[in-house]
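Values in this text are rule-based calculations from the coordinates and carry no lab data. None of the values given here were measured: they were computed from a predicted structure. Backbone-built Cβ (ideal geometry, glycine too); neighbour counts: all protein chains shown.
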Amino acid sequence: MKKLVTIQLILLLVCSCLAQNPLPARDGFVLDGIDGKITTENGKWFFTVFEPITDGKGVLDPKIAVAILPSSMLEKFASTFSEEKNSYRIWGKLTKYGNKNFVYMSYFLPVTESEEPKSTAYINDSNEVKIIPDEVLLLLKPKRVISLAELKKPIGTEADGILTDRTGFLRQTKDGTYFAFDGMGRNIDLLQLPLLECAELENMAGQQKQISMQLRFNISAIVTRYQGKRYLLLQRATRVFSNGNFAK
């Protein structure tokens, strides 16, 4: 039990140190049932953790609202959202872009603050040895509970698709960054899909900035949908060298 308390104290100390100069958590860090508050402003959604979450180097600070990326699960969430009860436990992963974290949400459940049990009279027995100290019991006591009764609609949603081994180009527009699928020299109008913020996109954009010519990339990505529009969350992006064999 002392070991458990020591580990918790160390984690709190690490989070405290990181909070003084917070760094974003690494791209791909898994959120496995994290409690926080979800808010919306100007059509965008944000997640704020109740307690600091760290990957050992970076941290999610309770003072910072992290943007939630568009996805089919976010669309399902928006249909059940209530501003009066905005505490949720979410699953998903973090992405990182421009020294900021973003949330790609894959599941959610509403949570409520746990109620204090009614105090009952208790007579201390002088012969009874207290096994667990009161301060340890306080740490182990759950602060929040899942509120299944708050779910008005099922949260199942169509699974996001996977796109692999597709080539194309990065397109910067005033509306955002897009991936334009390659016509391989054919003069046709091909599909362009917006790209969600992540470390792979930042690396891809960095390579393009270094060279004036349009670079071709081979990508794998998650394809998701939000409000009737499809988006790509890159999982891998590698530059394709044509060696003069492909049209630019």
Fewest-first ranking of 72, 106, using other Cβ atoms within 10 Å as the exposure measure: 106, 72
Cα-only radius of gyration and Dmax that characterise region 161-240, units Å: 12.0, 35
